[in-house]
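Notes follow once the structure below has been shown.
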Amino acid sequence: MNVLWKIKSFEQLTTDELYRIMKARVDVFVVEQNCPYPELDGFDDRAVHIWAELQDKVVAYCRVFDRDIKYREASIGRVLTDQKYRNLKLGKTLMAIAISAIEARFRTSEIRISAQDYLLKFYTDLGFRDTGKKYLEDDIPHTEMLKKTLDF
């Protein structure tokens with residue numbers, strides 16, 4: 001399978017790419033997780049969007065932010081892999097690309113995420129640490145996690 005990885009600012013997205021990204025996010029976060037919430041949160045225009053395409057379908061996705069947009073630190077959010085493609089282990093590649101993009105574009109290695117608790121081990125294995133801040137978001141347990149690796 002030839003997976004094509006893309007990284008673009010909001011302004012660089014085509015209408016078709018934006019539609020496929022939003023469809024993937026709604027399919028996972030709203031439909032699969034049965035979680036009606038405001039998916040269009042007003043932050044997409046300030047994000048860098050990273051995704052994997054397979055046969056014109058978004059199969060993995062996240063968005064990254066510079067410091068002082070979502071948190072004091074840079075951040076990664078809306079991390080997903082399409083249910084049908086989770087066996088390909090795209091999440092690790094996606095996160096490696098996201099972390100590298102933050103370090104290169106924003107010149108920081110401090111990254112904060114809001115992780116769904118069932119993924120704590122996944123993020124811990126990537127170097128994120130539990131901050132102790134735990135909360136329910138849309139009835140799903142979450143934990144804020146922080147990663148800091150390099151000094152810039």
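Read the figures in this text as sums done on the coordinates, not as results from a lab. Being a predicted model, the structure only gives us computed values, none of them experimental. Cβ atoms come from the backbone with ideal geometry, glycine included; neighbour counts cover every protein chain shown.
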Problem set entry | Whole-Hz couplings from phi, Karplus 6.51/-1.76/1.60, listed for the stretch 83-95; x for Gly and Pro | 3, 6, 10, 5, 6, 8, 6, 5, x, 5, 5, 4, 5
Problem set entry | Hz values of 3J(HN,Hα) by residue in the stretch 65-70 - Karplus curve (6.51, -1.76, 1.60), Gly and Pro given as x | 10, 6, 4, 6, 10, 9
Exercise. When R86, R25 are ordered from fewest to most other Cβ atoms inside 10 Å of their Cβ, what list results?
Worked result: R86, R25
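For the chain, what ratio Rg/Rh do Cα atoms give with a Kirkwood hydrodynamic radius?
Taking Rh as the inverse mean 1/r over Cα pairs, Rg/Rh reads 0.93.
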For this session: Would you tally the net charge around G127, using a Cβ to Cβ cut-off of less than 13 Å, leaving G127 out, and scoring K and R as +1, D and E as -1?
Result: +2
Exercise. Which whole-Hz ³J(HN,Hα) couplings does the stretch 120-128 yield from phi under the Karplus relation 6.51 cos²θ - 1.76 cosθ + 1.60, θ = phi - 60°, glycine and proline marked x?
Worked result: 4, 5, 3, 6, 4, 4, 8, x, 7
For this session: With an 8 Å cut-off on Cα pairs and a minimum separation of 6 or more residues, tell me the relative contact order of the chain in percent.
Result: 18
Exercise. Using a cut-off of 23 Å between alpha-carbon atoms, which lysines can reach K134, once sequence neighbours fewer than 8 places away in the same chain are excluded?
Worked result: K70, K121, K147, K148
Exercise. So between D117 and D130, what do we pick up on full extension, going 0.36 nm a residue minus the alpha carbon distance?
Worked result: 3.7 nm
For this session: Kindly provide the helix-only [θ] at 222 nm of the chain, computed as the sum of -39,500 (n - 2.57) over DSSP H runs of four or more divided by all residues, to the nearest 500 deg cm²/dmol?
Result: -7000 deg cm²/dmol
Problem set entry | Residues S75, S100 arranged by fewest to most Cβ contacts within 10 Å | S100, S75
